[in-house]
Amino acid sequence: MKSEKRLQERFEKREGIKWHDNIYEQLEYEKEIIEKIKRGEMKKEEEEAEEIQIKVGEEEEEGKIKINVIRPSQYKEVKVRIYVNGEEEIFDKKYEWVMKEGVDNIEVEKPMVEGIFDIRVMYEKVKLIQESKYIFKEAKGNDYIHIEKVKYQENNKEMTGIQVKIEEGKAEEGDFVCIYLASNTKNKEFIRKKCLENKTLTFFIPLSNKGTYFLKYFRKPVTEPTPSSPFIHIQRFEF
């Protein structure tokens with residue numbers, strides 16, 4: 001029954017063909033379709049999939065991108081998602097847009113991230129096409145992350161460092177921050193790393209040496225940052 005239901009759904013999503021509840025009528029109808037394909041009067045579903053195209057371009061209005069998706073009629077509603085280049089897990093649910101039936105273009109805000117991404121067109125759980133290695137350089141300091149120089153007690157010992165506070169509703173489980181020396185311009189090695197657990201919003205990071213630092217804020221699927229890992233926030237601070 002499940003396989004019959006899936007077959008019925010596929011028929012109903014394709015323009016120009018219909019489903020018959022009577023199984024014998026359906027079999028005769030499918031024979032007719034096969035004959036039409038043989039005569040070249042109808043395309044195979046696989047051949048139509050080759051017509052899928054995606055184009056991504058920046059709009060004249062600053063901070064906007066336009067995504068154009070050309071697709072066969074059986075793909076009535078698709079989703080456009082952003083993934084870290086080469087990863088299979090969506091970078092952030094807010095970077096997912098629905099393209100409804102009859103809609104070929106969407107105009108969206110540029111994601112406030114920096115890194116190399118894939119822009120993928122998904123139908124249900126199937127990837128139809130993607131624009132590979134698309135570069136965003138929109139990450140900046142956000143006003144919902146606050147850094148303050150502090151002293152605090154740890155194991156009965158006075159420590160110096162920074163207190164990082166993130167406004168409620170902005171952090172996600174699995175987010176983490178890394179601290180880099182500002183002199184390390186390529187951010188190859190971090191000197192501190194702090195993962196956010198149990199909806200942590202305020203935490204301390206020990207620092208002892210005076211100087212200029214960078215804080216970078218990362219989100220899944222990034223787990224171990226490299227110089228090319230995408231990030232959603234960067235902030236320079238003095239200690």
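Nothing in this text is a laboratory measurement; each read-out follows from the coordinates by a stated rule. These numbers were taken from a predicted model, which means no experiment stands behind them. All Cβ positions, glycine included, derive from the backbone under ideal geometry; neighbour counts span all protein chains shown.
May I ask you to evaluate 6.51 cos²θ - 1.76 cosθ + 1.60, the Karplus curve with θ = phi - 60°, for each residue of the range 156-163 and list the ³J(HN,Hα) values in order in whole Hz, giving x for glycine and proline?
Whole-Hz 3J(HN,Hα) from phi for the range 156-163: 6, 10, 6, 10, 10, x, 10, 9.
For the range 99-141 and the range 151-187, what is the separation of their Cα centres, given in Å?
Here the answer is 31 Å between Cα centres.
Enumerate the amide H contacts of ASN85 below 5 Å, restricted to partners 5 or more residues apart or on another chain; note that Pro and chain-start residues carry no placed amide H.
For ASN85, the qualifying residues are ILE116, PHE117, ASP118.
Once both labels are modelled 7 Å past Cα along the beta-carbon direction, what's the HIS20-ASN155 spacing in nm?
7.9
Using only the Cα atoms of the chain, each taken as one equal point scatterer with no solvent, compute I(q) by the Debye sum, divide by I(0), and report log10 of the ratio at q = 0.15, 0.18 Å⁻¹.
Scattering profile of the chain, log10 relative to I(0): -1.04, -1.31.
Report ³J(HN,Hα) in whole Hz for each residue of the range 218-225, in order, from the Karplus equation J = 6.51 cos²θ - 1.76 cosθ + 1.60 where θ = phi - 60°; Gly and Pro get x.
10, 9, 4, x, 5, 10, 10, x
Would you list CYS178, CYS195 from fewest to most Cβ contacts within 10 Å?
Arranged by neighbour count, lowest to highest, CYS178, CYS195 become CYS195, CYS178.
Using only the Cα atoms of the range 50-137, build the gyration tensor, take square roots of its eigenvalues as a ≥ b ≥ c, and label the shape rounded, prolate or oblate: rounded if a/c is under 1.5, else prolate if a/b is larger than b/c, else oblate.
Details: a/c = 1.80, a/b = 1.29, b/c = 1.39.
Taking the square roots of the gyration eigenvalues as a ≥ b ≥ c, the range 50-137 is oblate.
If I fit a long axis through the Cα atoms of helix 23-38 and take the longest principal axis of the Cα atoms of the chain, what angle between them do I get, 0 to 90°, rounded to 10?
90
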